[in-house]
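Below is one structure, written out as structure tokens, with a few remarks after it.
The values are calculated or read from the model by the stated rules, or taken from the named source; none is laboratory data. Model, not experiment: these values are computed from the prediction. Cβ atoms come from the backbone with ideal geometry, glycine included; neighbour counts cover every protein chain shown. The area values use the complete protein model at the heavy-atom level, side chains included, leaving out ligands, DNA and RNA. Shrake-Rupley method; radii C 1.70, N 1.55, O 1.52, S 1.80 Å.
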Protein chains: 2
Amino acid sequence: MTQRFQFNLKARDGRARLGEILTSRGTIRTPAFMPVGTVATVKAMFPDTVRECGADIILGNTYHLMLRPGDERVQKLGGLHEFMRWPGPILTDSGGFQVMSLAQLRKITEEGVSFQSHIDGSRHMLTPERSIEVQTRLGANIQMQFDECTPFPATHDEAKASMELSLRWAERSQKAFAEMAGAHQALFGIVQGSIFPDLREISAQNLVALDFPGYSIGGLAVGEGQEMMLETLGITTPMLPENKPRYLMGVGTPLDIVEAVALGVDMFDCVMPTRSGRHGQAFTWSGKVNLRNAVHADDPAPLDETSGCPAATQYSRAYLHHLFRSGEFLGPMLLSWANTYFYQDLMARMREAIAEGHFAEFSDKIRSIYPPQAEKTPS
Amino acid sequence: MTQRFQFNLKARDGRARLGEILTSRGTIRTPAFMPVGTVATVKAMFPDTVRECGADIILGNTYHLMLRPGDERVQKLGGLHEFMRWPGPILTDSGGFQVMSLAQLRKITEEGVSFQSHIDGSRHMLTPERSIEVQTRLGANIQMQFDECTPFPATHDEAKASMELSLRWAERSQKAFAEMAGAHQALFGIVQGSIFPDLREISAQNLVALDFPGYSIGGLAVGEGQEMMLETLGITTPMLPENKPRYLMGVGTPLDIVEAVALGVDMFDCVMPTRSGRHGQAFTWSGKVNLRNAVHADDPAPLDETSGCPAATQYSRAYLHHLFRSGEFLGPMLLSWANTYFYQDLMARMREAIAEGHFAEFSDKIRSIYPPQAEKTPS
């Protein structure tokens with residue numbers, strides 16, 4: 001528990017970065033993809049399997065966990081690592097994004113967000129201080145400042161007011177963190193500003209002045225489209241210090257991730273591999289595959305014979321198709337596994353490509369397997 | 001594939017029997033409990049895990065599989081073993097029970113049962129010949145004759161007519177089996193006759209005259225209650241040859257199984273361990289536990305620290321409770337695993353007790369952990 005947080009940049013290839021984050025719970029190899037364990041479980045997966053897929057760190061959701069089972073309860077049970085049997089590092093979000101997308105009767109004030117639980121209608125208040133309290137009780141190794149994720153589209157005025165509120169909340173989060181958190185925990189600031197370069201710059205400058213050990217890039221992948229996301233990302237990463245990790249929140253497709261790494265991003269999280277898996281969509285090294293489609297009904301071939309994942313090599317497409325058509329648990333279990341493995345494999349190959357100086361080549365390969373339109377026309 | 005079917009009786013303790021069935025797919029240690037893989041998957045479990053729990057054989061359902069994915073398709077894909085990645089022996093039922101409980105617009109005639117699929121309303125006919133065809137195509141190592149599972153209650157006349165129909169279907173099943181099945185497959189006859197000793201006797205005598213390699217006892221655990229089930233069982237098993245295995249279909253609770261073994265039954269199947277597991281009910285060596293109950297919300301203790309199953313020892317009751325309250329996949333995954341392990345452990349301990357001649361002692365232990373009323377008042 002002596003190592004709080006240290007980021008080592010090990011290699012560069014263009015703007016893409018290879019690095020590692022040392023924490024008290026172990027090392028996170030970057031670029032890193034964090035499987036999402038919303039309510040203390042990466043859906044339809046055993047924690048050991050998540051680890052075996054190559055994940056160094058997972059993400060937990062503050063909003064969900066504070067409501068159920070409750071942060072005090074988790075703390076009494078030994079913290080989130082112990083509770084869910086995940087011994088490695090855990091990152092928690094601030095709850096700011098989900099309180100706006102899931103809770104009812106939300107009201108934002110300078111103080112924070114008051115809301116009603118989507119589970120039982122109970123009244124709660126999330127503030128920077130409360131968010132840090134929850135994250136500290138959960139025992140997160142990497143915490144997020146409380147922020148408002150500016151909706152898209154927003155006018156310049158709206159985006160400015162929202163970004164400025166997040167900045168004030170950043171300072172309060174940092175103060176609360178200094179008072180509450182343990183030596184094994186670290187806090188990231190979150191850059192906001194929607195798609196406006198001047199606002200991103202003000203946000204970044206002010207956060208950098210607060211000297212966080214890492215910086216998240218928020219308010220993207222919220223409907224602006226990939227092109228605008230990458231454009232904003234391209235002007236934002238250079239505003240952030242080289243020697244701190246950069247985390248693009250809630251992203252994304254394999255292509256999104258590769259393009260973002262190309263722009264200097266180090267960390268990612270997304271529900272896509274597990275959510276897609278639960279719905280019969282698989283990621284493979286030949287592209288996306290929709291196992292619900294009738295074309296697979298008689299296909300004895302495995303999902304992806306080039307994969308190192310048993311779920312992708314040991315079962316036929318016909319069987320996977322059958323499981324999804326029949327609504328059986330094993331379908332989501334196998335595809336969540338295969339997709340989580342694919343995403344970790346993608347990150348591992350990306351790290352190797354950066355280390356060996358042929359990241360551009362690797363990116364081209366991903367662009368050919370996962371062209372932008374692939375999301376709209378799954379096989 | 002040389003070994004078709006051989007039953008070796010290895011020891012007796014009272015009426016309880018220890019044995020083994022040799023098949024082309026491996027040995028089945030008896031008394032055996034067969035996890036149910038209704039539609040080619042033991043629900044919420046990886047096949048490797050089912051095996052690791054100690055299961056030698058699983059059961060597949062003819063009715064479900066003929067409708068989806070279809071017996072011809074499974075055959076073309078290499079048979080059920082290959083399709084679902086279960087290399088060990090598989091037993092299939094005849095479809096007779098489920099066509100009556102699940103299908104729509106059923107009509108029974110001498111020929112068989114015509115019905116509409118519960119999935120898509122398509123019209124089908126199940127006859128002794130069709131049932132054997134399906135089971136042969138699936139590649140089942142142990143097949144069941146097509147029968148009518150006499151409903152309970154039934155009058156003596158109704159039970160007699162039903163039992164006699166099943167006898168005629170037994171002969172037709174045997175004839176079809178002789179024409180269609182492979183050398184690695186075996187066919188069981190099914191004793192019917194409801195709760196009437198004279199009808200059970202007629203059924204058994206006629207089936208024994210047909211010389212099946214094994215005998216199932218059907219028409220029990222259909223609402224008659226445990227006492228009447230055991231009474232009927234007690235008079236039925238002595239009507240069957242000593243040197244053939246006896247399979248009590250669709251049974252049951254741990255207590256049911258122990259009592260039935262005490263009466264000379266060798267094989268069982270039941271959805272209880274996996275179905276209960278999906279609903280938060282766990283079987284442990286201290287009795288049944290309902291993980292949905294609030295009493296577990298803050299309990300750091302594992303489900304059953306005496307178990308050899310990781311699902312029962314490595315996660316807290318508080319966590320399991322949380323998973324079920326949150327409707328997460330991992331809850332059913334863990335409890336299906338823990339329960340399947342418990343049932344296999346129960347069988348293993350029972351076999352050991354018979355081998356060592358203290359089965360009565362072991363039965364008493366189970367009666368104290370799982371008293372008859374335990375089913376009605378889960379903790």
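A few comments on the model shown:
- Exercise: per-residue mean of other protein chain Cβ atoms within 10 Å, A:68-75: 3
- Label zone (B:V271, point 7 Å along Cα-to-C-beta; backbone nitrogen cut-off 18 Å) within region A:294-334: A:323-331.
- Between copies, B:D48 shows label-point distances of 1.0 nm, shortest first, with the point placed 7 angstrom from Cα along Cα to C-beta.
- Antiparallel DSSP beta bridges within region A:153-308, as percent of all bridges there, nearest 5: 30
- According to the Cα-based calculation, Rg over Rh for the protein assembly as shown is 1.05, with Rh computed by the Kirkwood formula.
- Where A meets B: accessible area buried, both sides, 1.4 Å probe, Å²: 3300
- B:W285/A:E356 FRET efficiency (R0 51 Å; Cβ-Cβ; nearest 0.05): 0.40
- Each of B:D299 and B:M180 was given a label point 7 Å from its Cα along the Cα-to-Cβ line. The distance between the two points is 4.9 nm.
- Taking all protein chains into account, the per residue accessible area for region A:239-379 stands at 34 Å² (1.4 Å probe).
- Accessible surface, region B:117-202, averaged per residue in Å² (probe 1.4 Å): 37
- Inter-copy label distances at A:E242, using a point 7 Å along Cα-to-Cβ, come to 8.8 nm with the shortest given first.
- Pairwise FRET efficiency - A:M125 versus A:V208, Cβ, R0 = 30 Å, nearest 0.05: 0.55
- Estimated 222 nm signal from helices in chain A, with DSSP H stretches of n ≥ 4 weighted -39500 (n - 2.57), rounded to 500: -12500 deg cm²/dmol
- Taken along its three principal axes, the alpha carbon spread of region B:16-130 comes to 41, 33, 24 Å, from the longest extent down to the shortest.
- Using C-alpha pairs under 8 Å with a sequence gap of at least 6, the mean separation divided by the residue count of region B:195-343 gives a relative contact order of 19 percent.
- Label positions at B:A161 and B:A348, each projected 7 Å from the Cα along the C-beta direction, are separated by 4.9 nm.
- Helix axis angle, A:330-356 relative to chain A longest principal axis, alpha carbon, degrees: 70
- At least 50 Å² of accessible area lost relative to the chain alone, listed for region B:319-361 with a 1.4 Å probe: B:Y319, B:H322, B:E328, B:F329, B:L330, B:M333
- Computed over region A:203-246: relative contact order in percent, which uses C-alpha pairs under 8 Å that are six or more apart: 61
- Grouping the Cα pair distances of region A:64-133 into 10 Å bins from zero gives a pair-distance distribution of 19, 49, 27, 5 percent in increasing distance order.
- Surface composition of the protein assembly as shown: carbon plus sulfur atoms contribute 50% of the solvent-accessible area (1.4 Å probe, protein chains only, all chains present).
- Sequence-distant contacts, meaning Cα pairs under 8 Å at least 6 residues apart, place the relative contact order of region B:173-281 at 22 percent.
- For the protein assembly as shown, the share of DSSP beta bridges that are antiparallel, to the nearest 5, is 55%.
- Label geometry 7 Å along the beta-carbon vector: B:D364 inter-copy distances in nm: 8.0
- With a 10 Å cut-off around each Cβ of A:200-207, the average count of Cβ atoms from other chains is 0.
- The B:R106 and B:T313 beta-carbon pair, evaluated with R₀ = 60 Å, returns a calculated FRET efficiency of approximately 0.85.
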